[in-house]
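**Student:** Starting off with a structure, shown below.
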Amino acid sequence: MLIKQIEIRELRMRLLHPFETSFGVTQDRHIVLVKVSDGANTGWGEVTAGEGPFYSYETKETAWYVLHEFIIPNVIGKELSGPSDFGAMVRGIRGHNMAKTGVETALWDLDAKIKNVPLWKVLGGTRERIDCGVSIGIQPTIDKLLAKIDTEVRAGYRRIKIKIKPGWDVEVIRQVREAFPKIRLMGDANSAYTLADVDIFKKMDKYDIMMFEQPLHHEDIIDHAELQRQIETPICLDESIHSADDARKAIKIGACRIINVKLGRVGGHREVKAVHDVCRDNGVPVWCGGMLESGIGRAHNIALSSLENFSLPGDVSASKRYWSEDIIDPPVEVSAEGQISQRDGAGIGYRVKEDLIERFTVRSQAFTA
Ligand code: OSB
Ligand code: MG
């Protein structure tokens, strides 16, 4: 495929509810989208960087800069035999995986559209329906959290993840478990603890928690291995894993028993597949993480979740949990059984609402071969 045009856009989209983690609160999302075209077909991708450098060092602003200054000049006007060629074109650019992912995923969508097949099939997926969980932010009170969990459990979601941080952990987990004795429950700390907090995790061990996600430093695997030796609940890594090689090393030293896979964090579909394969070969299940995406990033997450080793419910949930109006049609819907069905259409399989995207756009830039 010949890449004739690339367009980047920054959209402003307000989340229906503020989302609070151990690193801060988000409500107004600034979403960078990438559109690639070969002249006949178009592919769409999303940059999942945050508004500030809190989850990772990337932001929508660093992504915009790296995209127009370094990534796009390497791709525009080039003939690719397929989306897997992209890696070599950006090999010299260190890091900035979220910026790269915007283009990489758009190329996969474009390729699948040219071939007129669904993206999930091009990726080699087999799961026609994926199991969904939800990620619930830190709430003002435990009662509000219990009410939110009740809503999501009734909606059919198959796993509840709550955010934890020092002071919002043992007692919260205890009360949630008391109110919901049977749900699949997990806690995500987003790196809010250190090894000195091991007793907090030992206390939470007795509440039958599926996993603790990224309890320690965002670049660490050594201390995670030590923590995993001291507690029974499996550790799941998120922030620390940027590649299949990171996954291999983390598994080798016993830093985790589960991995959360995010497109933007690892650099696109090709690396997702590589992480997935390393984990599968080592008996480590994976699940698809979320970054409060618009429908475009969400559609890519649904497609990749079709791979066989995505055997645990992910953070991929319905559009209506985030947006009053999503930029894809139809919006992502979750069945009463807590599942999302793959789509039959070509590429991501959802129609992109370009008129709505235009209304949400605060800046755009086009590059032509
Ligand atoms: O750690 O998984 C995380 C959102 C933003 C940044 C990091 C994370 C999250 C979530 C939300 O947990 C998942 C979602 O519903 O998109
Ligand atoms: Mg996480």
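**Student:** May I ask you to list the trypsin sites (Lys or Arg not before Pro) in segment 1-108 that are in a DSSP loop and have at most 16 other Cβ atoms within 10 Å of their Cβ? Can you show the working numbers first?
**Tutor:** Details: sites: LYS4, ARG9, ARG12, ARG14, ARG29, LYS35, LYS60, LYS78, ARG91, ARG94, LYS100; in loops: LYS4, LYS78, ARG91, ARG94.
Of the trypsin sites (Lys or Arg not before Pro), the ones in loops of segment 1-108 whose Cβ has at most 16 other Cβ atoms within 10 Å are LYS4, LYS78, ARG91, ARG94.
**Student:** Where the only charges are on Cβ atoms (+1 Lys, Arg; -1 Asp, Glu), what is the dipole of the chain about its Cα centre, to the nearest 20 debye?
**Tutor:** Values: 49 positive and 53 negative charges, 94 e Å.
Dipole about the Cα centre, nearest 20: 460 debye.
**Student:** Counting DSSP beta bridges with both partners in the chain, what percentage is antiparallel, nearest 5? Working shown, then result.
**Tutor:** Details: 33 of 52 bridges.
If I count the DSSP bridges inside the chain, around 65 percent turn out antiparallel.
**Student:** Treating the angle as unsigned and between 0 and 90°, give the value, to the nearest 10°, between the Cα long axis of helix 97-115 and the longest Cα principal axis of the chain.
**Tutor:** Once rounded, one gets 60 degrees.
**Student:** Also: At 0.36 nm per residue, and after removing the present C-alpha to C-alpha distance, how many nm does the segment from ASN282 to PHE70 gain when stretched out fully? Present the calculation step by step, with values, prior to reporting the outcome.
**Tutor:** Details: separation 212, 0.36 × 212 = 76.32 nm, distance 3.58 nm.
Contour length minus the Cα-Cα distance gives 72.7 nm.
**Student:** Turning to a different aspect of this structure: If you bin every alpha carbon distance in segment 311-367 into 5 Å steps from zero, what whole percent lands in each bin?
**Tutor:** In order of increasing distance, the bins hold 4, 15, 21, 21, 18, 10, 7, 3, 1 percent.
**Student:** For segment 210-273, with only Lys/Arg (+1) and Asp/Glu (-1) charged at the beta-carbon, what is the dipole magnitude about the Cα centre, in debye rounded to 20? Each step should come with its number before you reach the end.
**Tutor:** Details: 9 positive and 11 negative charges, 77 e Å.
So the magnitude is around 360 debye.
**Student:** With a 1.4 Å probe and all protein chains kept in place, how do GLU128, GLU213 rank by accessible area, largest first? Don't jump to the answer; show the numbers that get you there.
**Tutor:** On the way: GLU128 120, GLU213 0 Å².
Heavy-atom accessible area, descending, gives GLU128, GLU213.
**Student:** Calculate how steeply helix 269-281 sits against the longest principal axis of the alpha-carbon atoms of the chain, using the helix alpha-carbon long axis, and give the answer as 0 to 90 degrees to the nearest 10.
**Tutor:** Helix 269-281 sits at roughly 40 degrees to that axis.
**Student:** Also, I was wondering about something else. Quick one: with all protein chains in place, what share of the accessible area of segment 119-219 is carbon or sulfur, to the nearest percent (1.4 Å probe)? Don't skip to the answer; put the middle values down first.
**Tutor:** On the way: 2250 of 4580 Å².
Its accessible area is 49 percent carbon and sulfur atoms.
**Student:** Putting +1 on Lys and Arg Cβ atoms and -1 on Asp and Glu Cβ atoms, find which of LEU195, ILE221, GLY289 reaches farthest to the positive end of the dipole of segment 162-314.
**Tutor:** Result: GLY289, furthest along the dipole toward the positive end.
**Student:** While we're looking at this one, here's another question. Looking at segment 146-195, which trypsin sites (Lys or Arg not before Pro) are DSSP coil and have at most 15 other C-beta atoms within 10 Å of their C-beta? Don't skip to the end; give the middle numbers.
**Tutor:** On the way: sites: LYS148, ARG154, ARG158, ARG159, LYS161, LYS163, ARG174, ARG177, LYS182, ARG184; in loops: ARG158, ARG159, LYS182, ARG184.
Answer in residue order: LYS182.
**Student:** Next question. Any chance you could give the angle, 0 to 90 degrees and rounded to 10, that helix 170-179 forms with the longest Cα principal axis of the chain?
**Tutor:** That works out to roughly 90 degrees.
**Student:** Taking the solvent-accessible surface of protein heavy atoms with a 1.4 Å probe, what is the per residue accessible area of segment 1-156 in Å²?
**Tutor:** Values: 6540 Å² over 156 residues.
Here the residues of segment 1-156 average 42 Å² of exposed surface.
**Student:** In addition: Determine the distance separating the Cα centre of segment 311-354 from the Cα centre of segment 252-286; give it in Å without decimals.
**Tutor:** Between the Cα centre of segment 311-354 and that of segment 252-286, the gap is 23 Å.
**Student:** Could I ask something else about it? So which of LYS35/LYS115; LYS161/LYS202; LYS161/LYS252; LYS115/LYS262 end up more than 22 Å apart, counting from Cα to Cα? Show your work: numbers first, answer last.
**Tutor:** Details: LYS35/LYS115 18 Å; LYS161/LYS202 19 Å; LYS161/LYS252 26 Å; LYS115/LYS262 25 Å.
Over 22 Å Cα-Cα: LYS161/LYS252; LYS115/LYS262.
**Student:** Let me ask something else. Taking all protein chains in place and a 1.4 Å probe, what share, in percent, of the accessible surface of segment 226-337 do carbon and sulfur account for? List each step's numbers first, then the result.
**Tutor:** Details: 1630 of 3600 Å².
Carbon-and-sulfur percentage of accessible area, whole number: 45.
**Student:** Provide the FRET efficiency to the nearest 0.05 for the THR151-ALA366 pair, computing r from the beta carbons and using R0 = 41 Å.
**Tutor:** Working: r = 42 Å, r/R0 = 1.02.
Between THR151 and ALA366 the formula returns 0.45.
**Student:** For segment 87-150, take the convex hull of the Cα atoms, compute a quarter of its surface area, and give me that in nm², please. Present the calculation step by step, with values, prior to reporting the outcome.
**Tutor:** Numbers: hull surface 30.9 nm².
The directionally averaged projection comes out at 7.7 nm².
The values are calculated or read from the model by the stated rules, or taken from the named source; none is laboratory data. The shown structure was predicted, so the numbers you read here are calculated from the model rather than taken from an experiment. As a convention, Cβ positions derive from the backbone with ideal geometry for all residues, glycine included, and neighbour counts pool all protein chains shown. Only protein heavy atoms, including side chains, enter the accessible area calculation; ligands, DNA and RNA are left aside. Shrake-Rupley method; radii C 1.70, N 1.55, O 1.52, S 1.80 Å.
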